Amino acid sequence: MGDNDSLNLKKLITEYKPEETTEKIRGLKHSMKIKTDVEMIILTKRKYSKLKKETLDQMCSKKATFLFNNYYNIYNRLMKNQLNLEILGRLIMVLKSIEDGEYDQHTASVVVGKILKEMYIDSALRGETIDKKTGKVEKKRKGKNIKWNDFKKMQ
């Protein structure tokens, strides 16, 4: 984060006075427990992929009790394959950085914002640039002007 960004962040913090949770995060130290349970779920799902969904869910809930009990939303999305594991891994590492004292909650929120920008906005812009360079543009289909009666006859 540059000097200007740092000054702007400090200004926002003093102006809006957000709740301080950095010390609480550092005290809880959940990042490695989350990471361990996420890895356990991924391995279990790979190893027992042929099992019924309910049986697999029971196995994972027993092997990843911390995630199941404390972060059920993450657990549930993992089980339904609704999470991008790359993003989750990067966010867990940011959480670990807060716990290790590298970041406070405010600096970490800027880092998370940059990660999400890079993954969503920048990748979409790269895709548009590639489409322009390769000449791949979706052709719009031209509709046919017809009267209502003609449309009804087609049905």
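The residues in segment 121-155 that are not aliphatic (A, V, I, L, M) and not in a helix (DSSP H, G or I) can be counted, and the count is 12. Here R46 meets the list (1) in contact with a Phe, Trp or Tyr (Cβ under 6 Å, 6 or more places away or on another chain); (2) exposed (fewer than 10 other Cβ atoms within 10 Å of the Cβ); (3) of a type in the set (D, E, K, R) almost entirely, failing just condition (1).
The criterion of at least 3 residues that are among the acidic types (D, E) is met, among helices (runs of 4 or more DSSP H) falling completely within segment 1-67, by 3-16.
Can you go through I87, I25 and tell me which one is out of contact with any His (no Cβ under 6 Å at 6 or more places or on another chain), over 22 Å from Y120 (Cβ atoms), surrounded by 13 or more Cβ atoms within 10 Å (Cβ to Cβ) and not polar (S, T, N, Q)? None of the others qualify; the one that does is I25. Look at (1) modelled with pLDDT under 95; (2) out of contact with any Asp or Glu (no Cβ under 7 Å at 6 or more places or on another chain); (3) not in a helix (DSSP H, G or I) and you find that G101 fails only one, number (1).
Residues in segment 1-18 that are surrounded by 10 or more Cβ atoms within 10 Å (Cβ to Cβ) and either in contact with a strand residue (DSSP E or B) (Cβ under 6 Å, 6 or more places away or on another chain) or of a type in the set (S, T, Y) (or both): S6 only. Scoring V111 on the criteria (1) in contact with a helix residue (DSSP H, G or I) (Cβ under 6 Å, 6 or more places away or on another chain); (2) more than 22 Å from G27 (Cβ to Cβ) leaves a single failure, condition (2). Residue count for segment 54-84, restricted to those that are among the small types (G, A, S) and either under 18 Å from G27 (Cα atoms) or buried (at least 17 other Cβ atoms within 10 Å of the Cβ) (or both): 1. All of (1) more than 23 Å from the chain's Cα centre (by Cα); (2) at pLDDT 95 or above hold for L12 with one exception: (2).
Picking from residues in segment 98-136 that are among the small types (G, A, S) and farther than 22 Å from N4 by Cβ, the one that is surrounded by the fewest Cβ atoms within 10 Å (Cβ to Cβ) is G135.
The values are calculated or read from the model by the stated rules, or taken from the named source; none is laboratory data. Since this is a predicted model, take the numbers as computed values, not measurements. Heads up, the Cβs are rebuilt from the backbone with ideal geometry, glycines too, and the neighbour counts pull from every protein chain shown.
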